[in-house]
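Q: Supplied in structure tokens, the structure appears directly below.
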Amino acid sequence: NAGVTQTPKFQVLKTGQSMTLQCAQDMNHNSMYWYRQDPGMGLRLIYYSASEGTTDKGEVPNGYNVSRLNKREFSLRLESAAPSQTSVYFCASSEIGGITDTQYFGPGTRLTVL
Amino acid sequence: GEDVEQSLFLSVREGDSSVINCTYTDSSSTYLYWYKQEPGAGLQLLTYIFSNMDMKQDQRLTVLLNKKDKHLSLRIADTQTGDSAIYFCAENLAGGYNKLIFGAGTRLAVHP
């Protein structure tokens, strides 16, 4: 099992460009999450998908959109990138999304917006 | 409000014990977690404790929870160089989805 995979590992964008970060999990998990990690701060939830076909906003959703393409894949889109979106992005998944659920994280995508 | 605080840096000698501390503010937290992040990698769950427990031990790891003071600690016995990483405390709030609130992380440096 690969667990949670993310592509790309690194990306540099210019302000105003768009891009999609990809995430896939092979653990048959129902719930998936997108976080961002900024220096000196903990991870903050951008969006989550409790199950296939549903998505909901987290703490910091502005400037992002998501798509739960199928049970395995959950993508994060930046329509018009801004320097404030420079961050490390982590995707995670969990079995059922309940409070006893363990979240498994991918290796992250380091994004720089110039 | 929801807030998790940790000291940012800890340096220990190899073989000593490390104690990483965390405070949280939301008394409705049901589970509290410790995650480890090695350089260039995602977060790995180390251990967790349910809010009605005081202590949990798992090999070299001991988690202590003081619910009255909203204080959580992670003790690593016989710290090794492979333990060098960033350790994140997180609380899981009651109700709704699996919402984790993370601290900023404590960078543990282990030196000979």
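Q: Hey, does region B:42-49 have a residue that's within 14 Å of another protein chain (Cβ to nearest Cβ) and small (Gly, Ala, Ser)? I'd like the intermediate steps shown before the answer.
A: Our first condition is that a residue be within 14 Å of another protein chain (Cβ to nearest Cβ); within region B:42-49, this holds for B:42-49.
Next, from what is left, pick out any that are small (Gly, Ala, Ser): B:42.
Yes; the residues of region B:42-49 include at least one that is within 14 Å of another protein chain (Cβ to nearest Cβ) and small (Gly, Ala, Ser).
Q: For region B:1-41, give me the residue count where each residue is within 13 Å of chain A (Cβ to nearest Cβ), among the aliphatic types (A, V, I, L, M) and out of contact with any Pro (no Cβ under 6 Å at 6 or more places or on another chain).
A: Qualifying residue count, region B:1-41: 3.
Q: Please enumerate the residues belonging to region A:18-27 that are closer than 17 Å to residue B:43 by Cα and surrounded by 20 or more Cβ atoms within 10 Å (Cβ to Cβ).
A: If the condition is that a residue be closer than 17 Å to residue B:43 by Cα and surrounded by 20 or more Cβ atoms within 10 Å (Cβ to Cβ), then A:23, A:24, A:25 are the ones that fit.
Q: Can you tell which of B:100, B:45, B:10 is closer than 21 Å to residue A:102 by Cβ, in contact (Cβ under 8 Å) with a residue 24 or more places away in the chain and either touching a Lys or Arg at 6+ places or on another chain (Cβ under 6 Å) or not polar (S, T, N, Q) (or both)?
A: Working: B:45 fails: in contact (Cβ under 8 Å) with a residue 24 or more places away in the chain; B:10 fails: closer than 21 Å to residue A:102 by Cβ.
The match here is B:100.
Q: It is to be established whether one or more residues within region B:88-104 are within 15 Å of the chain's Cα centre (by Cα) and more than 18 Å from residue B:3 (Cβ to Cβ). Break it down stepwise before answering.
A: Of region B:88-104, the ones within 15 Å of the chain's Cα centre (by Cα) are B:88-92, B:100-104.
Then keep just the ones that are more than 18 Å from residue B:3 (Cβ to Cβ); that gives none.
Checked region B:88-104: no residue is within 15 Å of the chain's Cα centre (by Cα) and more than 18 Å from residue B:3 (Cβ to Cβ).
Q: To continue, here is another question. Conditions first: (1) buried (at least 18 other Cβ atoms within 10 Å of the Cβ); (2) in contact with an Asp or Glu (Cβ under 9 Å, 6 or more places away or on another chain); (3) touching a residue at least 60 places away in the same chain (Cβ under 8 Å). Residue B:105 passes all but one, so which condition is the exception?
A: Going through (1) buried (at least 18 other Cβ atoms within 10 Å of the Cβ); (2) in contact with an Asp or Glu (Cβ under 9 Å, 6 or more places away or on another chain); (3) touching a residue at least 60 places away in the same chain (Cβ under 8 Å) one by one, residue B:105 breaks only (2).
Q: Which of the residues that make up region B:49-65 are closer than 16 Å to residue B:27 by Cβ and either of a type in the set (A, V, I, L, M, F, W, C) or within 13 Å of the chain's Cα centre (by Cα) (or both)?
A: B:49, B:50, B:53, B:65
Q: Can you work out which of the residues in region A:28-83 that are of a type in the set (Ser, Thr, Tyr) and part of a loop (DSSP other than H, G, I, E, B) is surrounded by the most Cβ atoms within 10 Å (Cβ to Cβ)?
A: A:55
Q: Among the residues of region A:84-100, what is the count of those that are at pLDDT 95 or above, more than 10 Å from chain B (Cβ to nearest Cβ) and crowded, with 16+ Cβ neighbours inside 10 Å?
A: Number of matching residues: 4.
Q: Next question. For residue A:6, work out the one condition from (1) buried (at least 17 other Cβ atoms within 10 Å of the Cβ); (2) over 10 Å from the mean Cα position of the chain (by Cα); (3) touching a residue at least 60 places away in the same chain (Cβ under 8 Å) it doesn't fulfil.
A: (2)
Q: Within region A:1-24, work out how many residues are under 22 Å from residue A:70 (Cα atoms), touching a Lys or Arg at 6+ places or on another chain (Cβ under 6 Å) and either of a type in the set (Gly, Ala, Ser) or within 13 Å of chain B (Cβ to nearest Cβ) (or both).
A: Result for region A:1-24: 1.
The values are calculated or read from the model by the stated rules, or taken from the named source; none is laboratory data. Small disclaimer: the values here were computed from a predicted structure and weren't measured. Note that each Cβ is placed from the backbone with ideal geometry, even for glycine, and that neighbours are counted across all protein chains shown.
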